[in-house]
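This report concerns only the one structure given below.
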Amino acid sequence: MTKRYSEDHEWISVVGKEATIGISVYAQGQLGDVVFVEVPEIGRKLAKGEAAAVVESVKAASDVYSPASGTVSAVNPALAEDPAKVNADAEGEGWFYKITLSDPKELDGLMDEPAYKTYVEGLA
Amino acid sequence: MSAEAATPNARTPLHALHVAQGAKMVPFAGYDMPVQYPTGILAEHQQTRASAGLFDVSHMGQVRLRGLGAASALERLVPGDIAALAPGRIRYTQFTNAQGGILDDLMVTNFGDHLFLVVNAGCKTRDIAHLRASLPAGISVEYLEDRALIALQGPKAAEVMARLSPAAAALAFMSAASCHVGGETCLVSRSGYTGEDGFEISVAAERAETLARRLLDEPEVKSIGLGARDSLRLEAGLCLYGHDIDETTTPVEAGLAWSISKRRRTEGGFPGAEILRRELAEGAKRRLVGLKPEGRAPAREGTEIVDAAGQVVGKVTSGGFGPTVGGPIAMGYVPKALAQPGTSVGLVVRGKTHAAQVASLPFVKKRYV
């Protein structure tokens, strides 16, 4: 399993060509209490950097950009009823959607965990 | 980056306390204000509904009007019945323009020898200029820049207040008095902006932190930021200036006709009186209503409201998630024909029309004493 992070605070966890995507623990902390998540439709083709999902806190709505290109193969059904899962377990049970990668090499442009940690520390 | 000059935001007398409590500070109406504390907006909202919350609202404008005939002079600018306001009583009203639009909304208290006004932060400079330009020379307009304003709101607010100031705790809703609270000399109003019982406490700036800390020492009280203040007032169906009401909306359209007494309706004598009189007689063409989306997607400010035929009929003026309601809620203007509670409308969120119903306001029952 390979896990990478984008500068927009999405994480992507990859096994073969299957990737799971969500927002980072840091991102959920910045957003605050998540009250609604809009996930993409299954079958939708996403380009890297495209607005793929929306996460809404009490205060505001934010776009979630796909950290890699591919076709949506699954969405997290639990978020419809319990969007607070994103706060409780952002990089686990609070995942947003899965895609079949169309270009696994795109991952090379993303940060690994230590690089992301350094990146976030630089934002403070 | 924009070319705008980086003007530093003003700070309230409680700024250091907010930072010490780990608040997330954001610019609001020219001030650096706490939007939330580490527990977050949901917890702060529930805290206020279940116990008591302390809000720093020192950014709001506190103004004193003094002089013979101040009440009747102020009546030339607002449709509220100020002349009939008994000493120690508070009234909600609006500054109107010649079109009957709202320049700002405000609270007016009769303190016997003067009138005490609380106006919105974003409007206060203009309001004060308006008062100075419009009131006769004999009425002095004093901007009380050296005072802080602290709101204590929630079902436990009165219990807490009773420990610090029995006199303040004995006030009836929408009344006010000069009281000692925890040893500090304050002007206390029993009023608020959350739909809960509570108090607004005006105190000298240099004593504000001492008083706030004294209130926060009480086990029922926690600090609440602007985020929860907004979700609380939206659930209570209370208008936010610059969003639900502005210069283009009238008090009648906004459902604020209750704040215009029979005498003021008959006599007029305030800007836009004829327009408001006609609206009161014939009904306004559009009305501010509550909106309850059927799904879970919040409809934010600016969301288009459509009728059954898909025609755009209005816009959401405030919208988000109501923690006590447990779902999305909104307010917006719709034509008179669609203003009845229960009417089906659509809300266009990110290009998709979501079903919603016109709902009666408030969304959460008010709990004033």
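In region B:282-296 there is no residue matching the filter, namely being in a helix (DSSP H, G or I) and touching a residue at least 12 places away in the same chain (Cβ under 8 Å). Scan region A:62-74 for residues that are within 17 Å of A:HIS9 (Cβ to Cβ), assigned to a strand (DSSP E or B) and touching a residue at least 24 places away in the same chain (Cβ under 8 Å) and jot them down. If the condition is that a residue be within 17 Å of A:HIS9 (Cβ to Cβ), assigned to a strand (DSSP E or B) and touching a residue at least 24 places away in the same chain (Cβ under 8 Å), then A:SER62, A:VAL64, A:TYR65 are the ones that fit.
Conditions (1) buried (at least 19 other Cβ atoms within 10 Å of the Cβ); (2) within 30 Å of B:ASP217 (Cα to Cα), marked per residue:
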residue: B:HIS59; (1), (2): yes, yes
residue: B:VAL78; (1), (2): yes, no
residue: B:THR93; (1), (2): yes, no
residue: B:ILE102; (1), (2): yes, no
residue: B:ARG132; (1), (2): no, no
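If we scan region B:113-122, do we find a residue that is touching a Pro at 6+ places or on another chain (Cβ under 6 Å) and outside any helix (DSSP H, G or I)? Checked against the condition, which is being touching a Pro at 6+ places or on another chain (Cβ under 6 Å) and outside any helix (DSSP H, G or I), region B:113-122 yields no hits at all.
The residue that is farthest from the other protein chains (Cβ to nearest Cβ), counting only those in region A:46-60 that are assigned to a strand (DSSP E or B) and buried (at least 17 other Cβ atoms within 10 Å of the Cβ), is A:LEU46.
Among the residues making up region B:306-326, a single one is part of a strand (DSSP E or B) and in contact with a Lys or Arg (Cβ under 6 Å, 6 or more places away or on another chain): B:GLY319. When region A:27-40 is filtered for residues that are surrounded by 18 or more Cβ atoms within 10 Å (Cβ to Cβ) and within 14 Å of another protein chain (Cβ to nearest Cβ), the ones remaining, listed by number, are A:GLN28, A:LEU31, A:GLY32, A:ASP33, A:VAL34, A:VAL35, A:PHE36, A:VAL37, A:GLU38, A:VAL39, A:PRO40. Scanning region B:36-53 for residues that are in a helix (DSSP H, G or I) and either within 13 Å of chain A (Cβ to nearest Cβ) or buried (at least 20 other Cβ atoms within 10 Å of the Cβ) (or both) gives B:ILE41, B:LEU42, B:ALA43, B:GLU44, B:HIS45, B:GLN46, B:GLN47, B:THR48, B:ARG49. Working only within region B:231-241, note down all residues that are in a helix (DSSP H, G or I) and crowded, with 21+ Cβ neighbours inside 10 Å. Answer for region B:231-241, where residues must be in a helix (DSSP H, G or I) and crowded, with 21+ Cβ neighbours inside 10 Å: B:SER231, B:LEU232, B:LEU234, B:GLU235. Here is a check on your reading of the model: is B:SER259 among the polar types (S, T, N, Q) and more than 29 Å from A:LEU79 (Cα to Cα)? In short, yes. Return a yes/no flag: does region B:21-30 have any residue that is more than 13 Å from every other protein chain (Cβ to nearest Cβ), free of Cβ contacts under 8 Å to residues at least 24 places away in the same chain, surrounded by 17 or more Cβ atoms within 10 Å (Cβ to Cβ) and in contact with a Pro (Cβ under 9 Å, 6 or more places away or on another chain). Taking every residue of region B:21-30 in turn, at least one turns out to be more than 13 Å from every other protein chain (Cβ to nearest Cβ), free of Cβ contacts under 8 Å to residues at least 24 places away in the same chain, surrounded by 17 or more Cβ atoms within 10 Å (Cβ to Cβ) and in contact with a Pro (Cβ under 9 Å, 6 or more places away or on another chain).
Here A:GLY43 clears all of (1) more than 14 Å from chain B (Cβ to nearest Cβ); (2) assigned to a strand (DSSP E or B); (3) free of Cβ contacts under 8 Å to residues at least 40 places away in the same chain except the condition numbered (2). Here region A:70-89 is the region considered, the condition is being touching a strand residue (DSSP E or B) at 6+ places or on another chain (Cβ under 6 Å) and more than 14 Å from chain B (Cβ to nearest Cβ), and the residue that is surrounded by the most Cβ atoms within 10 Å (Cβ to Cβ) is A:GLY70. Restricting attention to region B:281-305, the residues that are more than 25 Å from the chain's Cα centre (by Cα) and away from chain A (no Cβ under 14 Å) add up to 2.
Residues that are in contact with a helix residue (DSSP H, G or I) (Cβ under 9 Å, 6 or more places away or on another chain) and more than 26 Å from B:PRO335 (Cβ to Cβ) do not occur anywhere in region B:274-294.
Does B:ALA299 qualify as being in contact (Cβ under 8 Å) with a residue 40 or more places away in the chain, outside any strand (DSSP E or B) and closer than 26 Å to B:THR48 by Cα? In short, yes.
Of all residues in region B:330-351, those that are part of a strand (DSSP E or B), surrounded by fewer than 17 Cβ atoms within 10 Å (Cβ to Cβ) and in contact with a Lys or Arg (Cβ under 8 Å, 6 or more places away or on another chain) total 1. A single entry from B:SER344, B:SER318 fulfils the requirement of being closer than 18 Å to B:HIS243 by Cβ and either within 14 Å of another protein chain (Cβ to nearest Cβ) or without any contact (Cβ under 8 Å) to a residue 60 or more places away in the chain (or both): B:SER318.
Within the set B:MET33, B:MET60, the sole residue that is within 14 Å of chain A (Cβ to nearest Cβ) and either at pLDDT 95 or above or touching a Pro at 6+ places or on another chain (Cβ under 6 Å) (or both) turns out to be B:MET33. Restricting attention to region B:217-229, and to residues there that are over 23 Å from the mean Cα position of the chain (by Cα) and touching a residue at least 60 places away in the same chain (Cβ under 8 Å), which single residue is surrounded by the fewest Cβ atoms within 10 Å (Cβ to Cβ)? So the residue we want is B:GLU220.
The values are calculated or read from the model by the stated rules, or taken from the named source; none is laboratory data. This structure is a prediction, so every number in the text was calculated from the model and none was measured. Every residue, glycine as well, gets a Cβ built from its backbone with ideal geometry; the counts of neighbours run over all protein chains shown.
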